[in-house]
Amino acid sequence: MAAIAGNAMEWYDFTVFALMTPVIKNLFFPVDPKIPGSEINALLLTTALFGSGFFMRPVGGLVLGYFGDRKGRKAAMTLGMGIMAASVALLALTPTYATAGIAAPLIVLLARLLQGFSVGGEFGTSTAYLIEAAPPGRTGFYGSWQIAGQLMANVLGAVLGAALTLTFTKEQLAAGAWRIPFFVGLVIVPILLYMRARVIEPEMFQRHMATAHKERFLAALKDPGRNFLIGMGMVVASAVSFYVTFGYTVTYAKEVLKLPLMQSFLVQMVAAIVMVIIVPIAGAISDRYPRKPLLLVSLTGYLVSLYPLYAWVISGPSIAKLLVAQIVIGFFSAFFLGVYCTTLVELFPIRVRSTALAIVNNVAVLVFGGFAQFFVTWLITLTGSPLAPIFYVMIGVGLGLISVIAMRPDDGPTSREPAMERVAEQVS
């Protein structure tokens, strides 16, 4: 619970900022109706601000990942959550441009950088913790809950977004109601800090620490070099799912398809709920059957369904069509995500696992996830085609599919051998 809930909190903040983009863009970047294009420029600047936090992710990933490999998963998870608490406070309390001028977006920028640092180390440490704490033969199921936690954050963010747009007018949202989701996070963070401070290091990691040698660390990090590329390809497919297919849905529905904001939040919420159900089921299935075929089938279905579904939606935009598209795509995406998380972890040995995961995850997400919303908004503006985001996602999913095809049987992820037995062999 400490690992899953803490990870969900990290991503809740990211989700809320993404979902609130249509509401808050004018609060930090004023729009002049007399200047053509100022509305889309405000959106571009806000999505760029969203992406700025991703520059700190590799730094946070390396620092907290190395810290987690040397000092323990518990210490790294607790430190990361403390940094996240500071960023949540800044986002909840920051003044708008009308009150503080240029200082307002600069404060948000600082919050985003702290947020990026924290999230950068979250995936590697908490995912490693989940896999290492799993009973033998249950690593797929346990690992899938890392993704389920992120999706739960998406659901909570969508619920709050829908509730806010239903309860408040546009003027009330702009006047301050948009801060409510951030204050919710501010209340939850101390509880999660307490939970993480009380977790116990997995026996697997304790056994590793008893035999670890610091001078072997950099050499060990070079060992799985080929797996870094395989891992990055899978992370790219994951990143475009989170940051475009689902994270950009509300903005895309409102700004491009011209659909109602509240109903767009509801579409996001329903799709995320479906995914929360599918992800752990997929993880449990991956404990019984080889993972590579499961990844291949889910990614192929994901890739093939994207274009026809969104072409259908764009031909006559409606909430019903968008809901159908998001549920179908969400099914394939969720099945992939439920299997991929444990697969990714098992590509790397325990002694460098947090650091390796941080490198793989953050480099790929920085390129394909952090500025995804900015790029797809720019592509829509440049090409005039509402299908521009779909081509972006198809490229990312295609790279993930190529990476899975490139996996060899001895890479580890398709094996059903319990993780504890593999670590025992590594230690010996």
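Tell me which of these GLY316 doesn't satisfy, since it passes every other one: (1) modelled with pLDDT under 85; (2) over 17 Å from the mean Cα position of the chain (by Cα).
Every condition holds for GLY316 apart from (1).
In the range 160-261, which helices (runs of 4 or more DSSP H) lie fully inside it and hold 1 or more residues that are in contact with a Cys (Cβ under 9 Å, 6 or more places away or on another chain) and modelled with pLDDT of 75 or more?
Numbers: elements: 170-175, 180-197, 203-211, 217-222, 225-240, 249-255.
Fully inside the range 160-261 and qualifying: 225-240.
Collect the residues in the range 134-147 that are part of a helix (DSSP H, G or I), hydrophobic (A, V, I, L, M, F, W, C) and either modelled with pLDDT of 90 or more or surrounded by fewer than 24 Cβ atoms within 10 Å (Cβ to Cβ) (or both), keeping them in residue-number order. Spell out how you get there, then give the answer.
To start, the set of residues in the range 134-147 that are part of a helix (DSSP H, G or I) comprises 139-147.
Narrowing the set further to residues that are hydrophobic (A, V, I, L, M, F, W, C) leaves 141, 145, 147.
Hits for the range 134-147 are PHE141, TRP145.
Quick one: which of LEU257, LEU229 is farther than 30 Å from GLY137 by Cβ and open to solvent by 10 Å² or more (accessible area, probe 1.4 Å)? Steps first, please.
Numbers: LEU229 fails: farther than 30 Å from GLY137 by Cβ.
Being farther than 30 Å from GLY137 by Cβ and open to solvent by 10 Å² or more (accessible area, probe 1.4 Å) holds for just one of LEU257, LEU229, which is LEU257.
Just to be sure before I move on: is LEU347 open to solvent by less than 40 Å² (accessible area, probe 1.4 Å) and either outside any helix (DSSP H, G or I) or more than 30 Å from TYR289 (Cα to Cα) (or both) in the structure I sent? Lay out the reasoning, then the answer.
On the way: open to solvent by less than 40 Å² (accessible area, probe 1.4 Å): yes; either outside any helix (DSSP H, G or I) or more than 30 Å from TYR289 (Cα to Cα) (or both): yes.
So LEU347 fits the description; yes.
Would you be able to tell me the number of residues in the range 72-90 that are more than 23 Å from VAL363 (Cα to Cα) and surrounded by 24 or more Cβ atoms within 10 Å (Cβ to Cβ)?
Final tally of qualifying residues: 1.
Out of curiosity, is LYS74 at pLDDT 80 or above, at negative phi and either in contact with a strand residue (DSSP E or B) (Cβ under 8 Å, 6 or more places away or on another chain) or of a type in the set (Lys, Arg) (or both)? Walk me through it before giving the result.
Numbers: at pLDDT 80 or above: yes; at negative phi: yes; either in contact with a strand residue (DSSP E or B) (Cβ under 8 Å, 6 or more places away or on another chain) or of a type in the set (Lys, Arg) (or both): yes.
Spelling it out, LYS74 is indeed at pLDDT 80 or above, at negative phi and either in contact with a strand residue (DSSP E or B) (Cβ under 8 Å, 6 or more places away or on another chain) or of a type in the set (Lys, Arg) (or both).
Taking only the range 277-322 into account, find how many residues are in a helix (DSSP H, G or I), in contact (Cβ under 8 Å) with a residue 60 or more places away in the chain, in contact with a Gly (Cβ under 9 Å, 6 or more places away or on another chain) and open to solvent by 20 Å² or more (accessible area, probe 1.4 Å).
4
For the range 250-257, does any single residue satisfy the condition of being in contact (Cβ under 8 Å) with a residue 60 or more places away in the chain, of a type in the set (D, E, K, R) and in contact with a helix residue (DSSP H, G or I) (Cβ under 9 Å, 6 or more places away or on another chain)?
Narrowing the range 250-257 to residues in contact (Cβ under 8 Å) with a residue 60 or more places away in the chain: 250-257.
Filter again for of a type in the set (D, E, K, R), leaving 254-255.
Keeping just the survivors that are in contact with a helix residue (DSSP H, G or I) (Cβ under 9 Å, 6 or more places away or on another chain) gives 254-255.
Yes, there is a match, as at least one residue in the range 250-257 is in contact (Cβ under 8 Å) with a residue 60 or more places away in the chain, of a type in the set (D, E, K, R) and in contact with a helix residue (DSSP H, G or I) (Cβ under 9 Å, 6 or more places away or on another chain).
Would you please name the residue that is nearest to the chain's Cα centre (by Cα), looking only at residues in the range 91-105 that are loosely packed, with under 14 Cβ neighbours inside 10 Å and assigned to a helix (DSSP H, G or I)?
Residue satisfying both the conditions and the ranking: LEU93.
Considering each of ILE405, ILE395, ILE380, ILE329 in turn, give the residue that is assigned to a helix (DSSP H, G or I), at pLDDT 85 or above, open to solvent by 10 Å² or more (accessible area, probe 1.4 Å) and closer than 26 Å to PHE17 by Cβ.
Details: ILE405 fails: closer than 26 Å to PHE17 by Cβ; ILE380 fails: at pLDDT 85 or above; ILE329 fails: open to solvent by 10 Å² or more (accessible area, probe 1.4 Å).
That would be ILE395, the only listed residue that is assigned to a helix (DSSP H, G or I), at pLDDT 85 or above, open to solvent by 10 Å² or more (accessible area, probe 1.4 Å) and closer than 26 Å to PHE17 by Cβ.
Pick from the range 51-71 the residues that are at pLDDT below 80 and of a type in the set (A, V, I, L, M, F, W, C): which of them is least open to solvent (accessible area, probe 1.4 Å)?
Looking at the filtered set, the residue picked out is PHE54.
Does ALA197 satisfy being under 21 Å from THR343 (Cβ atoms) and of a type in the set (A, V, I, L, M)? Full working, then the answer.
On the way: under 21 Å from THR343 (Cβ atoms): no; of a type in the set (A, V, I, L, M): yes.
Considered against the rule, which asks whether it is under 21 Å from THR343 (Cβ atoms) and of a type in the set (A, V, I, L, M), ALA197 comes out as no.
Among the residues of the range 22-43, are any assigned to a helix (DSSP H, G or I), closer than 30 Å to ALA358 by Cα and at pLDDT below 80? It would help to see each step written out before you state the result.
Within the range 22-43, the subset assigned to a helix (DSSP H, G or I) is 22-28, 38-43.
Remaining after also requiring closer than 30 Å to ALA358 by Cα: 43.
Next, from what is left, pick out any that are at pLDDT below 80: 43.
Yes: the range 22-43 contains one or more residues that are assigned to a helix (DSSP H, G or I), closer than 30 Å to ALA358 by Cα and at pLDDT below 80.
Could you run through the range 164-186 and say how many residues are open to solvent by less than 40 Å² (accessible area, probe 1.4 Å) and more than 19 Å from ALA98 (Cβ to Cβ)?
4
Could you give every pair whose Cβ atoms fall below 7 Å, whose first residue belongs to the range 384-404 and is closer than 13 Å to VAL240 by Cα, and whose second residue is open to solvent by less than 30 Å² (accessible area, probe 1.4 Å) and aromatic (Phe, Trp, Tyr), counting only separations of at least 6 or pairs across chains?
PRO389/TYR248; PRO389/TYR252; ILE390/TYR310; VAL397/TYR302
For the range 187-201, enumerate the residues that are surrounded by fewer than 16 Cβ atoms within 10 Å (Cβ to Cβ) and touching a residue at least 40 places away in the same chain (Cβ under 8 Å). Break it down into steps so the answer makes sense when it comes.
Here is the first cut: in the range 187-201, the residues surrounded by fewer than 16 Cβ atoms within 10 Å (Cβ to Cβ) are 187, 190-191, 194, 197-198, 200.
Matches in the range 187-201: PRO190, ALA197, ARG198, ILE200.
The values are calculated or read from the model by the stated rules, or taken from the named source; none is laboratory data. Fair warning: this is a prediction, and the values are worked out from it, not measured in the lab. As a convention, Cβ positions derive from the backbone with ideal geometry for all residues, glycine included, and neighbour counts pool all protein chains shown. The accessibility values were calculated without ligands, DNA or RNA, using every heavy atom of the protein model including side chains. Shrake-Rupley method; radii C 1.70, N 1.55, O 1.52, S 1.80 Å.
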